[in-house]
1. Tell me, in nm to one decimal, what length is gained between K280 and E208 on full extension, where the rule is 0.36 nm per residue of separation less the Cα-Cα distance?
2. In nm, what is the difference between 0.36 nm times the number of residues separating L419 and K66 and their Cα-Cα distance?
3. With labels modelled as points extended 7 Å from the Cα through the Cβ direction, what inter-label distance (nm, one decimal) is found for E43 paired with Q314?
4. So which chymotrypsin sites (Phe, Trp or Tyr not before Pro) in the range 141-226 end up in coil per DSSP with only 11 or fewer other C-beta atoms within 10 Å?
5. Bin by bin, in steps of 5 Å, what percent of the Cα pairs in the range 208-328 do you find, going until the bin that has the longest distance?
6. E226 versus E527, label points 7 Å from Cα toward the beta carbon: distance in nm?
7. Sticking with the crude label model, points 7 Å out along Cα→Cβ, report the distance from T131 to E272 in nm, one decimal please.
8. If I take R0 = 22 Å and measure r between the Cβ atoms of N554 and H586 in this structure, what FRET efficiency does the formula 1/(1 + (r/R0)^6) give, to the nearest 0.05?
Amino acid sequence: MKNRIQILPENLANQIAAGEVVERPASVVKELIENSLDASASEVFVEIEKGGKTLIKVTDNGFGMKKDDAFLCLERHATSKVSSAEDLFALHTMGFRGEALPAIASVTRLRLTTRSIDDEAGWQIYAEGGTIRQADAVGVAPGTVVEVRNLFFNTPGRRKFLRKDETEFGHIADVVSRLALSRPDIHFRLSHNGRNVLEAYRHNRLEERAAAMLGRNVATDLLTVEADSGNGEMLVGLLGTPGISRSSTNNIYTYINGRYVRDRVVQHAILEAYRSLLEKRRYPIAVLFIDMPPETVDVNVHPTKHEVRFRNQQQVHDFIVTSLRDRLQQVSFEPARVSSAFQPSSFSPPPVASAPQTPEQRVYRERVQESLSAFNEKVASAPTIAAVSTVKGEIDGWSSGRQETRQLPEGWRLIGQYLNSYLLCQADDELVLIDQHAAHERIGFERLRKQLAADGIESQALLFPTVLELEHREASVLAEHLDDFARFGFEVEAFGGRSFTVKSVPALVADIDVERLVRDLAAELNEIGRAAQLDNEIERVLAVLACHSMVRANQALSQSEMQQLLHDLAEIEFGSCCPHGRPIMHRLSKREVEKLFHRG
Ligand code: ADP
Ligand code: MG
């Protein structure tokens, strides 16, 4: 009888390892760049074709490999970085398992070209599915080039799971961004289908790298933070002011001992520090480097190494919360909602506080002043202001002071507004409280739904097209979903690189923050992915739009505005919830009110 247990053939073992290491093109990119960093490169150039499905090429100017190492590194568990168990606990390199290259080689056609700085010539090795087919001495500059073609060519089952080029490239851009943010001292370049998407030159300061990666406009709203727990934990980084929040946690970059992590404890601590500063479901921008003695953190929990385990979880958590909170409390910011394409009249700058200003507040104010005067100039020179005010009237509909008084639903009487946020009404003998923001969202949502079902969402041209500079990830999502955006009433054009011009927005959208709207929608579409064809997914998109379309809480309403709101509400199904599931109204029966006063 044949033995049941068999040693797996080398290539098969590597393919299985590839299942862990090589999830998608982005994981290949990550492993290759980390190897370049481990080789002390100061330049790392990444070329991608078709989302990494046809080509991933990483070129570095690191110390390269000698001939024997070049052959050896394609074999399993060949690593120059760990030779004893102790080494595992004192890691200063990114890689250490010695399984990345063989795993990658086993599912691709790989060409490794490398020359050690000590050698006169280099070596070029070509392997297919992990089997070396050819090797030659070549004349090249010191450093290493790894070219990976036809990912999963020999495992069609896995190839099927790759997503659209743009999506895969989005993941690659994420990986490169994470690494580039952690190493301002290294020149990174990333191209897709021959087009340069990212160029981050060498810098001494994180702030400069952050500006290159996150956009200049964001960079002005970042605070530096630095703290020492006195117990071995240290923290440095950049914190976004609450005014530049995002709709997902994608812009929280955290590193433990130089390694990018997406850890639950760290994430929780950051959100905790921002709690009460941000609205619900808004998330900060943050780039944080947390260092601690290597023996107090286990980075080897997960094969893709994004999770860690702390020896003293609570201590790390609390250290992050206190350091961030302290820093955030030193400055109080007003929300940075200054850009507008709708407002027909001039803005005046926010009143200048008499209290002494911190440098951040000064910078912030200058920025506000700058964009306001630029904006006011634009408005002054615009020939079509009248047109805009009509537009504004139509957009706001009920809130733009229509004169005629609206009929209230049968049996309803408006009592007034409470705290500028709730309407109080009498409906027959009930007392009704209405959350004006929730009600408005619901109305906007229903209108959008109707429009979409009829001839599509009504679109409104912006007087001044807004140019957005997005992050790589957002840019690739937007590029992928331009059709969807059009369907939802936007006219967006790619403007080169990560820039887009927004020319039209849904007519119902009264929110002046076009940038935030587009970003939120891109995030939503990204999450939904291809399922955007399904009805309930479309509702998620409409909910995002509706949220931007309507008045917020804390807004005084005139009598006729309140009546219009009730009228509009009556036209849609009464008693429903806002698109986010919060109730719109609360009813107190006569009996309930009487009970409060021990009557009846
Ligand atoms: P690990 O990084 O975990 O050691 P890898 O499979 O990623 O394992 O790489 C195997 C070995 O190949 C590394 O330990 C290193 O010695 C060598 N190597 C890989 N890429 C490079 C590179 N870009 N420059 C120099 N040496 C490299
Ligand atoms: Mg490695």
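Read the figures in this text as sums done on the coordinates, not as results from a lab. If you're wondering where the values come from, they're calculated on a predicted model, not measured in any experiment. All Cβ positions, even for glycine, are placed from backbone atoms using ideal geometry, and neighbour counts span all protein chains on display.
1. Values: separation 72, 0.36 × 72 = 25.92 nm, distance 3.03 nm.
Full extension from K280 to E208 adds 22.9 nm.
2. On the way: separation 353, 0.36 × 353 = 127.08 nm, distance 7.39 nm.
This chain segment gains 119.7 nm when fully extended.
3. 5.2
4. On the way: sites: F152, F153, F161, F169, F188, Y201; in loops: F152, F153, F161, Y201.
For chymotrypsin sites (Phe, Trp or Tyr not before Pro) across the range 141-226 that sit outside H, G, I, E and B with at most 11 neighbouring Cβ atoms in 10 Å, the list reads F161.
5. P(r) for the range 208-328, in whole percents per bin: 2, 11, 23, 24, 19, 13, 6, 1.
6. 3.7
7. Result for the modelled spin labels: 5.5 nm.
8. Working: r = 18 Å, r/R0 = 0.84.
Efficiency at R0 = 22 Å is approximately 0.75.
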